[in-house]
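Enquirer: I have a structure I would like to understand better, so I am pasting it below and will then ask my questions one at a time.
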Amino acid sequence: MPSPSDTPDALARFPREVRDAFALVRSDQAPAALRLIIEAALRDYLPSASPFSKNAPILDEHRLIEDLGFDSLAIAETVFFFEDIFQVRIDNQDILALHTVGELHAYVARRLREQNKTA
Amino acid sequence: MPASIHRPVITGLGFITPIGNDRAAVTDSLREGRHGLSRVEWVGNPDLPVKLAGTIKEFSVEATHPRDWTWPAAYPIPRETLRGLAPHGVFALCAATQALADAALTPDDIAGDPYTGLFCASAGSARLLHHHLGQLDAARGERGNPMGVVSSIAGTLNFNLGAHFHIHGAVCGFVSACASSSHALGYAMDEIRLGRLQRIIVVGAEEHNAETLLPFSSMRALATTDDPALASCPFDGRRSGFVGAGGATALVIESAELATRRQARIYAELAGWGQSSDGYSIAISHPEGAGLRLAIQRALADACVSPAQIDYVNAHATSTPIGDRAEALALRAVFADTHAAPFISSTKGLTGHPLSAAGAMEAAFCALAIDGGFTPGNAHLRQPDPTCDGLRLPVDSLDTAPAIALNNSSGFGGSNVCHVLRRFTP
């Protein structure tokens, strides 16, 4: 597992606050910071043809496909982003069960807790 | 192929090359003999014997993540396109965009048109393939970039550009090493002549990074001097190997009737092409250039022109001892032995050798020469190899335009492809 201070290359293009949030999540100091990372990733991978307004708040109940306009390729990219920065594997059947932003957040948070226990 | 009523013509050109990133810059470089070779240091090892490459300026695509790349602002690339591109895909997209604009076509003109196709050639991105496989390996196969395949394997250009431009007519890739984009152009001509398609964008592109070019050093095929004037000197007795290069060239090919109907500028007609195979060695040219000679003769026959009618030959000559000799012998057999005396030059002295992209780039150079009123020279030729006796190899460019030009290409395995281009007359 990477140390809390390691910033993955995939985060290099994100604002400082997102990279700081990653360090907090990694050190298990502020699990809530994960929400900031998830929102930043969703905005980054939001398809340009999405009907979702770029400046609108992203809510837990927003559906990835119907509300945010993600297609399967954009979801695959986003999932790999989380796999890459958190060094976890996310299986296909788990992805298929994730429909909303809240479900995605809860799932990633759970995987990180599991990872911390086994580390 | 019997004479066709559908004559393929070139109506648009796009260049992202070591000697310039647009038509005007490339023309100036060809006329003035200005090379595009730069010093390179690969894999952090200054002791490597290879010191030069034909590099692309104004682009920074060395990073492994596309979001870290920069390119000229004139070419907006949406994220959905960028995510699947390789470094040379950026070159290709910019060259194709430029060629379409040059042909006075908008993206909407070709999007969804069932008679517009796209033929591409590249070796893929060894750099991204290496990176993505390394990432997969480090994760013991458990996770990998979902864009890893489409951004790196041979065919990456067709996948990406076909989707980006919404090509509906046909999308196809060609892999025959350094003859690849010449094959793409040849088969594009046939599709037009057969009436299957009315317009085809032909693109050849490659990268100039260590992953693409350094393996050729292992073959002892690369020049090892850091003097640009000596490093790439095709047909010269001092030549020691080629200088690898990157970049992209795109050509818009249309049927003459379509081009005429929409009053497009016509650079040249693609009058014929021919191909052959040496069937001799995986990497070494036939010692007498027998395969290339046959491809030249087939191209001339297809275009219904005699050796004496050829004004200019853009040779494949890459500056390798064996390859240049074989081509010189093939050219002597076709031209000198029949008392024909076209001007012959290899523009790789200026550009280096962009592998799969060479054929399309040099066909485009021939079109520039025919349209622009000049004949490229052999910029670094000082001591012609004795095997070139009887061949007319001008050092400086000439202010005369060829009416008919021949473009040669050869690739690994002895794949030979030649095109005949001529000034268009309705």
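Enquirer: Taking the Cβ of B:S125 as the center, what net charge do the other residues with Cβ under 11 Å away carry, scoring Lys and Arg +1 and Asp and Glu -1? The partial results should precede the final answer.
Expert: On the way: positive: B:R127; negative: B:E206, B:E207, B:E211.
Once positives and negatives cancel, what remains is -2.
Enquirer: Where does the protein assembly as shown land at 222 nm, in deg cm²/dmol rounded to the nearest 500, when only DSSP H runs of n ≥ 4 count, each adding -39500 (n - 2.57), divided by all residues?
Expert: Rounded to the nearest 500, it is -11000 deg cm²/dmol.
Enquirer: Antiparallel as a % of all DSSP beta bridges within the protein assembly as shown, to the nearest 5?
Expert: On the way: 42 of 63 bridges.
Close to 65 percent.
Enquirer: For chain B, give me the percentage of DSSP beta bridges that are antiparallel, rounded to the nearest 5 percent. All intermediate terms of the calculation are to be shown ahead of the outcome.
Expert: Details: 41 of 62 bridges.
Beta bridges within chain B, antiparallel portion: roughly 65 percent.
Enquirer: Counting only other chains, and only Cβ atoms inside 10 Å, what mean value do you get across the residues of B:82-89? Display every interim value, and only then the final one.
Expert: Details: counts 0, 4, 1, 0, 0, 0, 0, 0.
That works out to 1 on average.
Enquirer: While we're looking at this one, here's another question. Where the centroid of each part is defined by its Cα atoms, how far is region B:351-426 from region A:12-34 in Å?
Expert: About 57 Å separates the Cα centre of region B:351-426 from the one of region A:12-34.
Enquirer: Continuing with this model, one more query. At a 10 Å Cβ-Cβ cut-off, how would you order A:D71, B:D22, A:D28, fewest neighbours first?
Expert: Details: A:D71 14, B:D22 17, A:D28 11.
Ordered from fewest to most neighbouring Cβ atoms within 10 Å, A:D71, B:D22, A:D28 come out as A:D28, A:D71, B:D22.
Enquirer: Here's something else I'd like to know. In nm, give the distance between the simple-model label positions of A:N92 and B:Q383, each being 7 Å from the Cα along the Cα-to-Cβ direction.
Expert: Taking the simple label geometry, A:N92 and B:Q383 are separated by 6.3 nm.
Enquirer: Can I ask one more? Quick one: net charge of B:A328's neighbours, Cβ under 13 Å, K/R +1, D/E -1?
Expert: Values: positive: B:R239, B:R293, B:R325, B:R332, B:R392; negative: B:D236, B:E288, B:D324, B:E327, B:D337, B:D385, B:D389.
Within the 13 Å Cβ shell, the charges total -2.
Enquirer: Still on this structure, please answer the following. Taking springs between alpha-carbon atoms closer than 10 angstrom, which of B:A326, B:A123, B:A229 fluctuates most in the Gaussian network model of chain B?
Expert: B:A229
Enquirer: Considering only C-alpha atoms, what is the centroid distance from region B:36-110 to region B:203-277, in Å?
Expert: Using only Cα atoms to place each centre, the spacing works out to 16 Å.
Enquirer: Now, a different point. Give me B:M219, B:M361 ranked fewest to most by other Cβ atoms within 10 Å of their Cβ, as a rough exposure proxy.
Expert: Details: B:M219 10, B:M361 32.
Final ranking by Cβ density, sparse to dense: B:M219, B:M361.
Enquirer: Is the shape of region B:8-422 rounded, prolate or oblate, going by the alpha carbon gyration tensor and its root eigenvalues a ≥ b ≥ c, with a/c under 1.5 for rounded and a/b larger than b/c for prolate?
Expert: oblate
Enquirer: Ok, one more. How many Cβ atoms of partner chains, on average, are near each residue of B:72-80 if near means within 10 Å of its Cβ? Kindly include the intermediate steps, with their values, before the conclusion.
Expert: On the way: counts 0, 0, 0, 0, 0, 0, 3, 7, 6.
Partner Cβ neighbours, averaged per residue: 2.
Enquirer: Pick out which of B:A74, B:A357, B:A341 has the largest mean-square fluctuation in a Gaussian network model of chain B, springs linking Cα atoms closer than 10 Å.
Expert: Of B:A74, B:A357, B:A341, the most mobile in the Gaussian network model is B:A74.
Enquirer: With Cβ to Cβ distances under 11 Å as the rule, what net charge do the other residues near B:S356 carry (K, R +1; D, E -1)? Working shown, then result.
Expert: On the way: positive: none; negative: B:E206, B:E207.
So the environment of B:S356 carries a net charge of -2.
Enquirer: Within 10 Å of each Cβ of A:83-89, how many other protein chain Cβ atoms are there on average?
Expert: On the way: counts 5, 5, 0, 0, 4, 3, 5.
Neighbouring Cβ atoms belonging to other protein chains average 3 per residue here.
Enquirer: Shifting gears a bit: With an 8 Å Cα cut-off and a minimum separation of 6 or more residues, compute the relative contact order for chain B in percent.
Expert: On the way: 1146 pairs, mean separation 97.3, N = 426.
In percent, rounded to a whole number, it is 23.
Enquirer: Between B:A138 and B:A104, what is the label-to-label distance in nm when each label sits 7 Å out along the Cα-to-Cβ direction?
Expert: Roughly 5.2 nm, to one decimal.
Enquirer: What size of dipole, in debye to the nearest 20, comes out for region B:220-261 about its Cα centre when the only charges are +1 on Lys and Arg C-beta atoms and -1 on Asp and Glu C-beta atoms? Can you show the working numbers first?
Expert: Details: 4 positive and 5 negative charges, 32 e Å.
Here the size comes out at about 160 debye.
Enquirer: Name the residue farthest towards the positive end of the dipole of the protein assembly as shown from the options A:F52, B:M219, B:S152, assuming +1 on Cβ of Lys and Arg, -1 on Cβ of Asp and Glu, about the Cα centre.
Expert: B:M219
Enquirer: Moving to a separate point now. Quick one: order B:T55, B:T320, B:T347, B:T375 by neighbouring beta-carbon count within 10 Å, fewest to most. Please list the in-between numbers first.
Expert: Details: B:T55 19, B:T320 23, B:T347 30, B:T375 26.
The order, fewest Cβ neighbours first, is B:T55, B:T320, B:T375, B:T347.
Enquirer: May I ask for the distance between the Cα centers of region A:83-113 and region B:113-161, given as a whole number of Å?
Expert: Spelled out, the Cα-based centre of one part sits 26 Å from the other.
Enquirer: Who wins for biggest fluctuation among B:T387, B:T11, B:T70 in a Gaussian network model of chain B, springs between alpha carbons below 10 Å?
Expert: Maximum fluctuation in the GNM of chain B, among the listed residues, is at B:T70.
Bear in mind these aren't lab numbers, they're just calculated from the coordinates by the rules spelled out. Treat the numbers as computed from the prediction; the structure is a model and nothing was measured. All Cβ positions, glycine included, derive from the backbone under ideal geometry; neighbour counts span all protein chains shown.
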